[in-house]
1. What pairs can you find where one residue is in the range 33-60 and free of Cβ contacts under 8 Å to residues at least 24 places away in the same chain, the other is surrounded by 18 or more Cβ atoms within 10 Å (Cβ to Cβ) and polar (S, T, N, Q), and their Cβ atoms are less than 6 Å apart, with a gap of 6+ or different chains?
2. Output yes when any residue across the range 264-278 is out of contact with any helix residue (DSSP H, G or I) (no Cβ under 7 Å at 6 or more places or on another chain) and aliphatic (A, V, I, L, M), and no when none is.
3. Within the bounds of the range 120-143, is there any residue that is in contact with an Asp or Glu (Cβ under 6 Å, 6 or more places away or on another chain) and open to solvent by 10 Å² or more (accessible area, probe 1.4 Å)?
4. Could you check THR268 against (1) within 21 Å of ARG168 (Cβ to Cβ); (2) surrounded by fewer than 18 Cβ atoms within 10 Å (Cβ to Cβ) and say which number it fails?
5. Starting from the range 6-30, take each residue that is within 30 Å of ARG261 (Cβ to Cβ) and list its partners that are at pLDDT 95 or above and open to solvent by 80 Å² or more (accessible area, probe 1.4 Å), counting only C-beta distances under 8 angstrom and pairs at least six apart or across chains.
6. Go through the range 5-48 and report how many residues are open to solvent by 80 Å² or more (accessible area, probe 1.4 Å), within 16 Å of the ligand (Cβ to nearest atom) and in a strand (DSSP E or B).
7. What pairs come out if I take residues in the range 284-300 that are of a type in the set (Lys, Arg) and pair them with residues that are in a helix (DSSP H, G or I) whose C-beta lies under 8 Å away, six or more apart or interchain?
8. For the range 118-161, give me each residue that is assigned to a loop (DSSP other than H, G, I, E, B) and more than 16 Å from the ligand (Cβ to nearest atom).
Amino acid sequence: MPFGALIDGRAIAGEIHQETARRAAQVKARGVQPCLVFIRAGEDAASRVYVGMKEKACAQLGFASRTQVLPATTREEDLLALLAGLNGDAAVHGILVQAPLPRHISESRIYGAVDPNKDVDGFHPVNVGKLMLGDTSGFRSCTPAGIHELLIRSGVVIEGAEVVILGRGNIVGKPMAAILVQKAKHAGATVTVCHSQTRDIAAHCRRADILIAAMGAAEFVKADMVKPGAVVIDVGVNRVPDAAVRGGSRLVGDVDFAGVRPKAGKITPNPGGVGPMTIALLMHNTMRAAERAAGLASPP
Ligand code: GUN
């Protein structure tokens, strides 16, 4: 078996964007332009970058988009009122409230107030519940859905695989487990979710055919934690100090890429692995929301 093959997230995201662009042309022929509205509250530097990248993807696909930037002092009631307006606006197909929100605002209240049919982030309890139930009519959270596509389109066999996920967050770890454990095509894995209370994480990792690192700990996964030939997916984005580079810091993943690559069968680079897929699946979800609004069939 060859070792250290790269899973090219940029190339696979490009394929998905092409499929989305074809679907966009069909809804446009019916007079509908897919439209995604972003809401950003406060001045989180990373959020500004992420929303900027998502806006650029909208422009490239010919989607309409706009961003509402709210002050960090915005009251929860005001954000809820804004959402109610967008929920009722037929020209808006998708709504994305960028996390993190200011601390005085309840994320669960906000995500629960987005119309589930416009919840292209897949964070509303209805969509999370559908995912758990294996009902494909809902929206799946973009990062785990993107990782699922990466695995499928790289030819990784998921059925019966031992999958170990590091991290139990609502955005990645928990929905990732739900996707891969389903009794369905390209699923049916045996899934273990590790977290800060797990005893001997390394022992779990060494069993994994597919190892997904999403716990936000810089270069946590080392070569001695990886089974030879395993597929390794790195979701982490961690800023670490580095006096040798301009700016004094650099971004690293949750995987020690240089150390792990020679032992892995396939591995995502970081950047260029999971990140572009998250955006591709956001555009895909928005496309589906617009198709439904246009009365077209909308495959998952
Ligand atoms: N913050 C980090 N990841 C995400 C995401 O996928 N969606 C939103 N809305 N905010 C995020």
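1. Between residues of the range 33-60 that are free of Cβ contacts under 8 Å to residues at least 24 places away in the same chain and residues that are surrounded by 18 or more Cβ atoms within 10 Å (Cβ to Cβ) and polar (S, T, N, Q), the close pairs are GLU55/SER65.
2. There is at least one residue in the range 264-278 that is out of contact with any helix residue (DSSP H, G or I) (no Cβ under 7 Å at 6 or more places or on another chain) and aliphatic (A, V, I, L, M).
3. Of the residues in the range 120-143, the ones in contact with an Asp or Glu (Cβ under 6 Å, 6 or more places away or on another chain) are 127, 139.
Narrowing further to those that are open to solvent by 10 Å² or more (accessible area, probe 1.4 Å): none.
Looking through the range 120-143, none of the residues is in contact with an Asp or Glu (Cβ under 6 Å, 6 or more places away or on another chain) and open to solvent by 10 Å² or more (accessible area, probe 1.4 Å).
4. The failed condition is (2).
5. ILE12/ARG153; GLU15/ARG153; HIS17/GLN60
6. 0
7. Going by the 8 Å Cβ cut-off, the qualifying pairs are ARG292/ASN117.
8. GLY134, ASP135, THR136, SER137, SER154, GLY155, VAL156, VAL157, ILE158, GLU159, GLY160, ALA161
The values are calculated or read from the model by the stated rules, or taken from the named source; none is laboratory data. Please read all numbers here as calculations on a predicted model, not as lab measurements. Note that each Cβ is placed from the backbone with ideal geometry, even for glycine, and that neighbours are counted across all protein chains shown. Heads up: the accessible areas ignore ligands, DNA and RNA and are worked out on the full protein's heavy atoms, side chains in. Shrake-Rupley method; radii C 1.70, N 1.55, O 1.52, S 1.80 Å.
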